[in-house]
1. Report Glu305's accessible area, 1.4 Å probe, all protein chains in place, as a number in Å² to the nearest 10.
2. Among Glu202, Glu232, Glu278, Glu112, what's the order by accessible area (1.4 angstrom probe), most exposed first?
3. Using Cα-Cα distances under 8 Å and only pairs 6 or more residues apart, what relative contact order does the range 207-264 have, in percent?
4. Within the range 299-315, list the residues whose amide N lies under 15 Å from a label point set 7 Å along Cα→Cβ of Arg185.
5. Going by accessible area, probe 1.4 Å, with all protein chains left in place, what is the ranking of Asp255, Asp64, Asp159, Asp234, largest first?
6. Excluding ligands and nucleic acids, what accessible area in Å² is computed for Arg138 using a 1.4 Å probe, to the nearest 10?
7. What FRET efficiency comes out for the pair Asp45/Ala322, r = Cβ-Cβ distance, R0 = 45 Å, nearest 0.05?
8. Would you mind checking which residues have amide H under 5 Å from Val121's amide H? H placed 1.01 Å from N; only 5 or more apart, or other chain.
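The values are calculated or read from the model by the stated rules, or taken from the named source; none is laboratory data. Everything numeric in this text was worked out from a predicted model, so none of it was measured. Counting neighbours? That spans all protein chains shown, and the Cβs are built from the backbone with ideal geometry, glycine included. Calculation scope for accessible area: heavy atoms of the full protein, side chains included, ligands and nucleic acids excluded. Shrake-Rupley method; radii C 1.70, N 1.55, O 1.52, S 1.80 Å.
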Amino acid sequence: MLSALAFALAWVPTFAQAPASVSKQTPKAAAKPYSPPRTPWGDPDFQGNYTNLYEAGTPLERPDQLAGRKLEDVKGPELAALKKAIQTRTINQFETPFDAPSNWWQDAFRLEGGSQAWFIVDPEDGKIPPLTPDAQARDTARTLARQTSGRGPADSYEDRSLYDRCLTRGFPTSGMPTIYGNSSRIVQGPGYVAIQYEMIHETRIIPIDKEPRAHVGRAIQLDMGDPRGHWEGDTLVVETSNFRARSAYRTANPDTLRFIERFARVAPDKVRWSVTVEDPRTWTRAWTFSLPLTMTDREPFMLYECHEGNYGLRNILSAARAQEAGQ
């Protein structure tokens, strides 16, 4: 990953009083951090097509069987075996008569390039912090309302998820890996960075300022939130708030939910994406997950004609009507 960096190796000359066969070697110089190229207007250049496919199936939280382990300790053959097991299990899960043909996405679902065993890097235990009492009460009320609504899971298209309806995956879910459609692309212009996600083609247009720009008013709420960015050295920092309740991440409180993202280009083909989740009315403390984005042309940014080809939603509703009719 850091093949473009050179390591300096210096040799200390042999002094006259030392035996001729003895020489002293200085330790290797520390590798310098990668310095990204610059745009014509001087910002770090992150532009390109990216994929997070190689991290697909990686759990958000540290698996219980790895309790007490650190991310950096799970590597080599052990990590490769974990990734292979995820790959095999995921593909087999969709090998039924009711799923898409085996060559639709399975051929490209290769996880040997995966680099970590879970995503949460803070807290150290790799777990999402506990819910606050307020969040627990909201979840209980939401579940009760659904159970007593008298509605089934497919009485209407409105009973299905926003994702089923091709509306949004929300944020930050749009940037996280799934079984296919894991590409994204970054485009930059003076004062702006745009990030488009392959799945549903949602695009975030992020204004970049030296001083933080005020968010839009609280009355304006968006499925992907309202982002504001600035540079801290070579790292792009983006703060996002103003979410809609219907798509708030993990049913967080949209009025207090906030994300702090950090994009750091750590190699010619790698950006490290770290996301800190803050919502004092949902979790007892802030928490952070992180994963790499790989720049590549091997995973092209494909058209995502979800509405045009959303036979799944139509079939779910028609099957429900047939079941009601006793067919």
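1. Using a 1.4 Å probe on the heavy atoms, I get roughly 110 Å².
2. Values: Glu202 25, Glu232 95, Glu278 50, Glu112 145 Å².
Sorted descending by solvent-accessible area, the residues read Glu112, Glu232, Glu278, Glu202.
3. On the way: 102 pairs, mean separation 17.5, N = 58.
Taking the mean separation of contacting Cα pairs over the length of the range 207-264, I get 30 percent.
4. The answer is 299-305, whose backbone nitrogens lie closer than 15 Å to the label point.
5. Details: Asp255 95, Asp64 120, Asp159 25, Asp234 55 Å².
Largest to smallest exposure gives the sequence Asp64, Asp255, Asp234, Asp159.
6. 50
7. Details: r = 54 Å, r/R0 = 1.21.
Using R0 = 45 Å, I get an efficiency of 0.25.
8. The list, which skips near neighbours in sequence, is Thr288, Phe289, Ser290.
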